[in-house]
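Beneath this line is the structure, given in structure tokens, with notes to follow.
The values are calculated or read from the model by the stated rules, or taken from the named source; none is laboratory data. The structure displayed is predicted, hence computed values, not measured ones. Note that each Cβ is placed from the backbone with ideal geometry, even for glycine, and that neighbours are counted across all protein chains shown. The area values use the complete protein model at the heavy-atom level, side chains included, leaving out ligands, DNA and RNA. Shrake-Rupley method; radii C 1.70, N 1.55, O 1.52, S 1.80 Å.
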Amino acid sequence: MESLKEQFGEGHFVTSGKTGGYTRDRDFRAKFKEELAHICEVFPKLPVAVTETGIRLKPADSDVLSIPAKRSTKKA
């Protein structure tokens, strides 16, 4: 998880209001999981999971990264 924190955690605000990363690993982990959930909303077939040591990506076909078509909100 430390390498993920180095890559994705820098520059975020910490409790004191200063930038430079998260002060606690659990804060980073919670925010990272939240952001990953947003990505999974766009790519619902994305085979990714957060583990105790980092993230696990499973092999997938290229259709996993295709963005679903927008649903029409117009009534017929």
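Here are a few things to note about the model shown:
- Tally of residues being assigned to a loop (DSSP other than H, G, I, E, B), open to solvent by 90 Å² or more (accessible area, probe 1.4 Å) and of a type in the set (A, V, I, L, M, F, W, C) across region 26-57: 0
- Search result, residues across region 47-73 that are under 23 Å from GLU2 (Cβ atoms) and hydrophobic (A, V, I, L, M, F, W, C): VAL48, ALA49, VAL50, ILE55, LEU57
- Taking the numbered list (1) among the small types (Gly, Ala, Ser); (2) loosely packed, with under 10 Cβ neighbours inside 10 Å; (3) modelled with pLDDT of 85 or more in turn, ALA60 passes all entries but (2).
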